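Read-outs: derived from the displayed coordinates by stated rules, not from any lab. Quick caveat: nothing in here was measured; it's all calculated off a predicted structure. Every residue, glycine as well, gets a Cβ built from its backbone with ideal geometry; the counts of neighbours run over all protein chains shown.
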């Protein structure tokens with residue numbers, strides 16, 4: 001991991017006024033990668049840009065030396081040298097890998113467990129691959145990061161608890177009705193909070209949607225977006241009895257849904273449950289409605305309590321996710337140390353197979369005229385012997401590579417015994433090794 005480094009500017013370290021100037025549009029990724037690789041000593045580079053972070057992942061012989069240069073060139077590209085007086089945060093080696101895994105698994109998100117994060121990382125990874133930035137090393141790092149994110153999603157419940165007001169409202173509706181598909185929802189108001197709640201309701205399977213608003217044209221506009229029906233505000237009371245769920249978010253200064261209105265509705269509904277969600281400030285729905293049987297009112301403070309409890313639950317699940325990340329980092333480290341031995345193994349195999357092939361040809365020349373079947377049998381015997389001879393030393397070299405100094409002495413002895421050619425330790429093997437390959 002010593003050749004891996006990253007630069008990051010996130011909501012934790014950098015104000016949004018600066019992040020928006022650093023933002024990398026999709027169509028700029030290819031050109032920026034080419035510019036960075038040309039101007040800096042980079043073997044590989046990947047870019048990531050979301051509303052909450054801008055990051056540059058790089059693979060180089062000496063990342064600590066090159067990261068300052070990358071930052072300067074990055075600012076030059078966007079002509080920000082004189083505009084921005086700030087520094088990217090720098091991470092290298094294991095800290096950098098851990099950060100990538102945390103970001104991809106949504107542990108560094110503003111809202112822990114936010115499911116869109118992994119998709120955003122994948123998008124910029126693919127853009128960076130297409131732009132020629134990601135090679136052998138970054139491909140392996142990111143593939144392992146995606147495996148880690150999948151484990152976090154499947155083995156924890158980090159994304160299963162509502163942590164937004166509108167989503168919490170829908171989750172409560174599910175607990176009351178179990179099945180929302182056939183329920184009628186009345187949306188009172190057409191503001192942002194109401195739209196967010198509608199979005200979550202549609203995802204939950206709701207299809208019977210009514211929208212009302214003091215400005216009827218806005219009700220019509222929202223209804224068209226969600227394939228619902230608009231209701232004039234002055235006729236809202238006529239539709240209350242059909243509504244199973246009422247979500248209200250207006251700018252009114254007094255209650256627009258009062259206790260007496262719901263009492264009349266509940267008699268006509270034969271006291272079938274009604275769920276009223278008040279996400280307006282000041283409140284739209286009279287809290288005394290809670291005194292009516294089977295009528296349930298939740299205001300924004302009630303929902304915030306749900307959100308806070310769920311956030312604590314997510315934080316607890318994040319602790320489980322950290323264990324998974326450390327396990328995957330350990331696997332990554334185990335794989336990386338074997339990279340050093342791959343060139344030695346390759347040379348060892350070439351040496352043994354070369355000797356076997358040479359001696360085989362000498363033997364065949366001495367035997368003279370033999371049948372095709374006989375030659376095939378001799379070749380099979382020699383090749384079988386060579387591969388069996390190679391097997392155990394190859395297994396041992398991979399094992400010893402994980403033992404530090406003692407392993408290095410073992411590899412040095414093998415190299416001397418078989419007079420193997422010295423290899424450039426910075427040269428990455430051409431064959432891409434599958435991280436999930438459990439074979440020796």
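Per the Cauchy relation, a quarter of the hull surface: what is the mean projected area of the convex hull of the alpha carbons in the range 11-100, in nm²? Please list the in-between numbers first.
Numbers: hull surface 22.6 nm².
If I average the Cα hull's projected area over directions, I get 5.7 nm².
Sort the range 165-301 into rounded, prolate or oblate with this rule: let a ≥ b ≥ c be the square roots of the eigenvalues of the Cα gyration tensor; rounded if a/c is under 1.5, and if a/c is not under 1.5, prolate when a/b is larger than b/c, oblate otherwise. Write out the running numbers ahead of the final one.
On the way: a/c = 1.31, a/b = 1.13, b/c = 1.16.
It comes out rounded by the Cα gyration axes.
Counting other beta carbons within 10 Å of each Cβ, put 279, 187, 256 in order, fewest first.
256, 279, 187
Relative to the longest principal Cα axis of the chain, at what angle does helix 342-367 sit, 0 to 90 degrees, rounded to 10?
Once rounded, the angle reads 40 degrees.
Note the direction-averaged projected area, equal to a quarter of the hull surface, for the Cα convex hull of the range 4-160, in nm².
Values: hull surface 33.9 nm².
The number I arrive at for the range 4-160 is 8.5 nm².
Roughly how many Å is it from the Cα centre of the range 274-352 to that of the range 1-49, as a whole number?
So the two Cα centres are separated by 26 Å.
Can you give the FRET efficiency to the nearest 0.05 for residue 224 and residue 399, using r as the Cβ-Cβ distance and R₀ = 56 Å? Could you put the intermediate results ahead of the total?
Working: r = 66 Å, r/R0 = 1.18.
Step by step, r from the Cβ atoms, then E = 0.25.
For the chain, modelled as a Gaussian network with Cα springs under 10 Å, which listed residue fluctuates most, 288, 303, 180?
Comparing 288, 303, 180 in a Gaussian network model of the chain, the most mobile one is 288.
Pick from 178, 32, 138: which is most flexible by mean-square fluctuation in a GNM of the chain where alpha carbon atoms under 10 Å apart are linked?
The residue that fluctuates most here is 178.
If I take all pairs of Cα atoms in the chain, what percentage of them are more than 30 Å from each other?
Working: 59407 of 96580 pairs.
Summing the P(r) tail past 30 Å for the chain gives 62 percent.
Which order results if 419, 302, 26, 284 are arranged by neighbouring Cβ count within 10 Å, fewest first? Display every interim value, and only then the final one.
Numbers: 419 8, 302 17, 26 11, 284 24.
By the 10 Å Cβ count, ascending: 419, 26, 302, 284.
Within the chain, what percent of beta bridges assigned by DSSP are antiparallel, to the nearest 5? Intermediate results must be reported in sequence, preceding the final value.
Values: 17 of 39 bridges.
Here the antiparallel bridges make up roughly 45 percent for the chain.
Which length gain, in nm to one decimal place, applies between residue 155 and residue 234 when the Cα-Cα distance is subtracted from 0.36 nm times their residue separation?
Working: separation 79, 0.36 × 79 = 28.44 nm, distance 5.04 nm.
Stretched fully, the residue 155-residue 234 segment lengthens by 23.4 nm.
Hey, with R₀ at 45 Å, roughly what FRET efficiency would residue 258 and residue 87 work out to, going by the Cβ-Cβ distance, to 0.05? Spell out each step's value before the answer.
Working: r = 57 Å, r/R0 = 1.28.
With R0 = 45 Å, the Cβ-Cβ based efficiency is 0.20.
Between 381, 397, 311, which gets the highest mean-square fluctuation from a Gaussian network model of the chain, Cα cutoff 10 Å?
Largest GNM mean-square fluctuation: 381.
Could you rank the peptides 58-71, 239-252 by their average count of other C-beta atoms within 10 Å per residue, with the highest value first? Kindly include the intermediate steps, with their values, before the conclusion.
Working: 58-71: 17.9, 239-252: 20.5.
Final packing ranking: 239-252, 58-71.
With the contact rule set at Cα under 8 Å and sequence spacing of 6 or more, what percent relative contact order holds for the range 165-301? Display every interim value, and only then the final one.
Details: 259 pairs, mean separation 30.2, N = 137.
Across the range 165-301, relative contact order equals 22 percent.
For the chain, calculate the relative contact order in percent as a whole number, restricting contacts to Cα pairs under 8 Å that are 6 or more residues apart.
Working: 617 pairs, mean separation 54.4, N = 440.
Relative contact order comes out at 12 percent.
Against the longest principal axis of the chain, how steep is helix 165-177, in degrees 0 to 90 to the nearest 10, with axes from Cα atoms?
Around 80 degrees separate the two axes.
In which sequence would 41, 314, 269 go, from the one with the fewest C-beta neighbours within 10 Å to the one with the most? Walk me through the numbers before you get to the answer.
Working: 41 14, 314 24, 269 18.
With the fewest neighbours first, 41, 314, 269 line up as 41, 269, 314.
At 222 nm, what helix-only mean residue ellipticity would the chain give, in deg cm²/dmol to the nearest 500, using -39500 (n - 2.57) for each DSSP H run of four or more?
On the way: 15 runs with 238 residues, N = 440.
Mean residue ellipticity, 222 nm, calculated: -18000 deg cm²/dmol.
Taking the chain as the reference, fit the longest principal axis to its C-alpha atoms, fit the long axis of helix 93-104 to the helix C-alpha atoms, and give the angle between the two in degrees, 0 to 90, nearest 10.
Around 40 degrees separate the two axes.
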